[in-house]
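Colleague: Take a look at this one; I'll ask things after.
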Amino acid sequence: MIKTTNDDNSSGAQRGDTDEVYDVVVVGAGAAGLSAALLLSRARRKVVVIDAGTPRNAPAAHMHGFLSRDGLPPGALLDLGQAEVDRYGVQLLQGRVDQIDHGYHVRMEGGVVLKARRVLIATGLRDELPDIPGVRERWGKDLLHCPYCHAYEVRDQPLAVLGTHPGAVHQALLLRQWSDDVIFLPHTLDLTPEDRERLDARGLYVVGGEIKQLVVDDDRLRGVELAGGRVVPRTAAFLFPRFVPHDELLTGLGCAKDDVGWVVSDRTGRTSVPGVWAVGNVVDPRAQVITAAGMGSTAAFAINTDLLDEDIDRAVEQHRYAAAATR
Ligand SMILES: Cc1cc2nc3c(=O)[nH]c(=O)nc-3n(C[C@H](O)[C@H](O)[C@H](O)COP(=O)(O)OP(=O)(O)OC[C@H]3O[C@@H](n4cnc5c(N)ncnc54)[C@H](O)[C@@H]3O)c2cc1C
């Protein structure tokens, strides 16, 4: 559905026609960006959505927790979303946005530049994974992050939590809700006496030693091997990645960040830079697919109101000018 900038019969945007001015350029066609585009296009705004084709949950076979779409492959949700916005005339472009200049000029890789009255950044985040053999290959399959998304499918199974991030202790305590056989592997984490007490109290087993690799056989996780050679048999494991927001476009525009380095946006997604909105995982690592979609929809309302205010001001100015000219 998404068109490349080289397709035949290309529109102004695809050809890089800089005369067109879009009401809104949306960067990122995940749940957040597509939801915003749906609402804005139904409000008869001229919208283009640009996407680099790397949605965060692509490694997973199924998406859970999205009411009415539970269990759908993640790509199928995006296909449905793209088809819906296409119906309302949204232009979908495949490609990467490299830079946005104030004003707004949205610069794509390859030289296409689009002009916009407002920009909405919905570029998501990257999960930075620990450098342990097997981790990257199993990510999203039987090496998981979010219990709310995937623990139900591995309920009552022998599970491990890899202690590669300080957040792993809480993750293990939470995961215990889905299985009474959860082993916590602290790896290089130093557990406090309080951590140990809480893990004990919840009936979690702690097995010390550095993790050497994930043991995989016949495309399935069989266990976790420790440095000494011991293999802890497990059918699924969880880890807490480091979240790295794709926020270069926002920081390039000068958007303010909070004290832990995330771009700040208000409840409607408005950033500190007028005309620039940001929604979904790029500003909130906790946003699930349905939450990201909601954030996109909320931002779309706010952006349309902002555009409407500008439209009314312009109309009043022109009206006064015309009235003065006839006097
Ligand atoms: C393995 C895994 C499984 C998951 N399973 C679930 C689940 O079952 N249920 C659930 O609710 N959540 C799940 N999540 C979380 C889910 O992925 C996020 O909640 C969701 O993707 C956030 O949507 P988003 O629109 O903010 O970002 P994304 O879906 O990541 O979309 C961002 C888009 O922006 C594009 N982009 C980035 N930078 C640029 C640029 N410079 N120019 C152009 N385009 C750009 C990317 O290509 C991408 O398509 C899972 C996450 C992972 C890692």
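Bear in mind these aren't lab numbers, they're just calculated from the coordinates by the rules spelled out. Keep in mind that this is a model prediction, so the values were computed, not measured. Don't worry about glycine lacking a Cβ; one is built from the backbone with ideal geometry, like all the others, and counts go over all protein chains shown.
Colleague: When only alpha-carbon atoms are used, what values of Rg and Dmax, in angstrom, describe segment 211-327?
Modeller: Cα-based Rg and Dmax for segment 211-327 come out at 25.0, 92 Å.
Colleague: Turning to a different aspect of this structure: Please find the FRET efficiency linking Val316 to Asp259, where r is the Cβ-Cβ separation and R0 is fixed at 41 Å, and quote it to the nearest 0.05.
Modeller: 0.50
Colleague: If I build a Gaussian network model for the chain, linking alpha-carbon pairs within less than 10 angstrom, which residue out of Asp86, Asp217, Asp284 has the largest mean-square fluctuation?
Modeller: In this elastic network of the chain, the residue with the biggest mean-square fluctuation among Asp86, Asp217, Asp284 is Asp217.
Colleague: Taking only Cα atoms, what is the 0 to 90° angle, nearest 10, from helix 31-42's long axis to the longest principal axis of the chain?
Modeller: 20 degrees
Colleague: Mind checking the full-extension length gain between Ala83 and Ala325? Use 0.36 nm per residue of separation minus the Cα-Cα distance, one decimal, nm. Present the calculation step by step, with values, prior to reporting the outcome.
Modeller: On the way: separation 242, 0.36 × 242 = 87.12 nm, distance 4.75 nm.
Computed gain between Ala83 and Ala325 is 82.4 nm.
Colleague: A further question on this structure: Could you tell me the center-to-center distance, by alpha carbons, between segment 79-115 and segment 26-43 in angstrom?
Modeller: Distance between centres, Cα-based: 11 Å.
Colleague: Over all distinct alpha-carbon pairs, what is the Kirkwood Rh of the chain in angstrom?
Modeller: Working: mean 1/r = 0.0458 Å⁻¹.
For the chain, inverting the mean 1/r across all distinct Cα pairs yields 21.8 Å.
Colleague: OK, next. Suppose a student asked you for the relative contact order of the chain, using Cα pairs under 8 Å spaced at least 6 residues apart; what percent would you report?
Modeller: Numbers: 659 pairs, mean separation 64.6, N = 327.
The value is 20 percent.
Colleague: Here is a further query. Taking the chain as a Gaussian network, Cα atoms linked when under 10 Å apart, which of Arg222, Arg198, Arg270 shows the biggest mean-square fluctuation?
Modeller: Its mean-square fluctuation being the largest, the pick is Arg198.
Colleague: Which one, Ala151, Ile121, Val232, projects farthest toward the positive side of the charge dipole computed for the chain from Cβ point charges (K/R +1, D/E -1)?
Modeller: Farthest along the dipole direction, towards plus: Ile121.
Colleague: Here is a further query. In nm, to one decimal, how far is the Gln157 label point from the Ser179 one, both placed 7 Å along Cα→Cβ?
Modeller: Spacing of the two 7 Å Cα→Cβ label points: 0.7 nm.
Colleague: Now for a separate question. Calculate, in nm to one decimal, what Gln99 and Thr192 gain on full extension: separation in residues at 0.36 nm each, minus their alpha carbon distance.
Modeller: Gain on stretching Gln99 to Thr192: 29.0 nm.
Colleague: Another question about this same structure. Trypsin sites (Lys or Arg not before Pro), restricted to segment 110-194: which are DSSP loop and have at most 15 other Cβ atoms within 10 Å? Please report the intermediate quantities before stating the final value.
Modeller: Numbers: sites: Lys115, Arg117, Arg118, Arg126, Arg136, Arg138, Lys141, Arg155, Arg176; in loops: Lys141, Arg155, Arg176.
Those satisfying the criteria are Arg155.
Colleague: Shifting gears a bit: Per residue, how big is the convex hull of segment 174-263 when only Cα atoms are used? Give it in Å³.
Modeller: 163 Å³
Colleague: Please build a GNM for the chain, connecting alpha carbons under 10 Å apart, and tell me which residue among Ala29, Ala227, Ala116 fluctuates the most.
Modeller: Ala227
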